[in-house]
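Colleague: Here it is: the structure, laid out below.
The values are calculated or read from the model by the stated rules, or taken from the named source; none is laboratory data. The structure displayed is predicted, hence computed values, not measured ones. Ideal geometry is used to build each Cβ from the backbone, glycine not excepted, and the neighbour counts take in all protein chains shown. We work out accessible area using only protein heavy atoms, side chains counted, and drop any ligands, DNA or RNA first. Shrake-Rupley method; radii C 1.70, N 1.55, O 1.52, S 1.80 Å.
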Amino acid sequence: MRPFFTTVRGADASERLLYRWRLTEAQRRLVYLWVTALGAGLQLLAALLTTPVTSTPVWWPLTGSAICLLAWALLWSRRLPWQWVDYGILAAASALVGTQLALHVGPLTADILFGCVFLLLAGFSILPLLPAALYACGTLATVGSALLIHGGPAALFWNLTLAAVLTAHLSTFGRNISIERAETRAFEALANTDVLTGLENRRAMLARMQVATPQSAALLVDVDRFKRINDRFGHDVGDEVLKDTATCLARAVGAGGHVARWGGEEFLVLMDYGDLQGVAAALLDQVRQDVSWSEVTVTISLGGATRAEVNTVEEWLRLADARLYEAKAGGRNRAEVTRPYLCEVKGFTLS
């Protein structure tokens with residue numbers, strides 16, 4: 001079924017922004033394609049424009065361009081996972097810088113060692129921490145040997161060593177922060193997720209309702225005669241019915257709304273509304289078509305209310321609950337989104 005809603009407003013704007021920047025493997029591969037193509041072009045441009053007027057051998061930028069083109073071809077053909085391209089580029093760059101150091105004539109200068117700084121940064125970005133530290137030690141040993149062979153200011157070696165130490169520190173600090181953030185997100189997800197259905201729980205939905213806009217609507221959903229299903233088929237089947245209903249509601253609402261397990265056999269749908277009656281009717285039809293067990297067709301009853309009708313979240317829930325009660329009293333397998341009015345349910349007890 002086509003989702004009813006395609007936008008999320010208000011408190012969900014930051015979540016939409018974060019989601020946009022979570023790249024899939026295909027998107028990462030596309031970014032790498034552009035980066036390697038740009039690298040190949042810049043290296044080729046350097047070979048054509050800068051090497052004729054400098055002492056830099058033309059084969060250096062040409063080799064770099066060839067490495068980038070090879071990485072681009074492997075990514076395009078999908079013969080290698082994109083992570084392995086990282087390792088390949090690091091190995092090729094290491095070989096290229098090592099060759100430059102070995103073939104250089106005369107004392108080493110700062111521009112010759114600039115590539116070593118790149119290797120240190122790349123090593124700590126691509127490799128796990130311990131292999132990255134070993135790689136940095138190997139790079140420093142290579143530079144030290146080249147300085148002994150070719151000569152050059154000793155300060156270059158110590159500056160490069162300082163760069164390696166700072167890079168290692170920042171990399172370790174950044175990884176620790178990333179781990180802590182990942183753990184925090186995991187704990188928050190557990191605290192806000194219903195274990196059975198995988199939906200948000202009551203706590204998470206209440207937080208969303210607190211910041212909902214006046215254009216928001218809440219639909220309180222109850223699985224009809226759920227106790228009979230449990231009594232007849234057992235609680236395992238009842239759990240499957242709840243999970244199937246949760247999946248159906250989430251699929252029907254789509255990315256523009258939120259569905260939570262409210263408690264027991266009840267769910268709560270929060271969304272921006274247009275034709276609230278039409279949306280409620282569509283949810284009824286979708287569950288009736290998609291959720292069944294053996295010869296039993298599962299149906300739901302819905303009670304809906306908009307944020308604009310009430311002053312507080314408590315009143316909002318009370319009004320939706322009262323309309324759900326009205327839908328069930330009217331025969332179940334139906335939705336009520338207009339009656340009773342808030343003034344008629346001031347003493348109504350929340351379920």
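Colleague: I'd like to verify a number: residues in the range 275-303 that are assigned to a helix (DSSP H, G or I) and in contact (Cβ under 8 Å) with a residue 40 or more places away in the chain, how many? Give the steps one after another, and end with the answer.
Modeller: Start the filter on the range 275-303 by keeping residues that are assigned to a helix (DSSP H, G or I), which leaves 276-290.
Subsequent filtering for residues that are in contact (Cβ under 8 Å) with a residue 40 or more places away in the chain retains 276-277, 279-284, 286-288, 290.
Counting residues in the range 275-303 that are assigned to a helix (DSSP H, G or I) and in contact (Cβ under 8 Å) with a residue 40 or more places away in the chain gives 12.
Colleague: Also, I was wondering about something else. Please verify whether the range 246-265 includes one or more residues that are small (Gly, Ala, Ser), surrounded by 15 or more Cβ atoms within 10 Å (Cβ to Cβ) and closer than 20 Å to residue 332 by Cβ.
Modeller: Yes, the range 246-265 contains at least one residue that is small (Gly, Ala, Ser), surrounded by 15 or more Cβ atoms within 10 Å (Cβ to Cβ) and closer than 20 Å to residue 332 by Cβ.
Colleague: Ok, one more. For the range 308-347, give me the residue count where each residue is at pLDDT 90 or above, in a helix (DSSP H, G or I) and either within 21 Å of residue 209 (Cα to Cα) or touching a Gly at 6+ places or on another chain (Cβ under 9 Å) (or both).
Modeller: 18
Colleague: Tally the residues that are at pLDDT 90 or above, open to solvent by 30 Å² or more (accessible area, probe 1.4 Å) and touching a helix residue (DSSP H, G or I) at 6+ places or on another chain (Cβ under 8 Å), restricting the search to the range 282-298.
Modeller: Residues flagged as at pLDDT 90 or above, open to solvent by 30 Å² or more (accessible area, probe 1.4 Å) and touching a helix residue (DSSP H, G or I) at 6+ places or on another chain (Cβ under 8 Å) within the range 282-298 amount to 0.
Colleague: In addition: So which residues in the range 73-96 are modelled with pLDDT of 80 or more and buried (at least 16 other Cβ atoms within 10 Å of the Cβ), if there are any at all?
Modeller: 90, 94
Colleague: Quick test for you: out of 147, 69, 140, pick the one residue that is without any contact (Cβ under 8 Å) to a residue 40 or more places away in the chain, open to solvent by 60 Å² or more (accessible area, probe 1.4 Å) and either under 18 Å from residue 35 (Cα atoms) or touching a Phe, Trp or Tyr at 6+ places or on another chain (Cβ under 9 Å) (or both).
Modeller: 69
Colleague: Output the residues belonging to the range 120-135 that are of a type in the set (A, V, I, L, M), closer than 13 Å to residue 94 by Cβ and over 29 Å from the mean Cα position of the chain (by Cα).
Modeller: The answer is 134, and nothing else.
Colleague: Additional query: Residue 239 is checked against (1) under 14 Å from residue 293 (Cα atoms); (2) open to solvent by 70 Å² or more (accessible area, probe 1.4 Å); (3) of a type in the set (D, E, K, R) and fails just one. What number does that condition carry?
Modeller: Single failed check for residue 239: (2).
Colleague: Condition test on residue 325, is it surrounded by fewer than 21 Cβ atoms within 10 Å (Cβ to Cβ), touching a strand residue (DSSP E or B) at 6+ places or on another chain (Cβ under 9 Å) and of a type in the set (Phe, Trp, Tyr)?
Modeller: The answer is yes for residue 325.
Colleague: Residues being open to solvent by 10 Å² or more (accessible area, probe 1.4 Å) and in contact with a Phe, Trp or Tyr (Cβ under 8 Å, 6 or more places away or on another chain): count how many of those fall in the range 120-132.
Modeller: Counting residues in the range 120-132 that are open to solvent by 10 Å² or more (accessible area, probe 1.4 Å) and in contact with a Phe, Trp or Tyr (Cβ under 8 Å, 6 or more places away or on another chain) gives 2.
Colleague: Kindly provide the set of residues from the range 299-317 that are of a type outside the set (S, T, N, Q), open to solvent by 60 Å² or more (accessible area, probe 1.4 Å) and more than 33 Å from the chain's Cα centre (by Cα), ordered by number.
Modeller: Within the range 299-317, just 309 meets the criteria.
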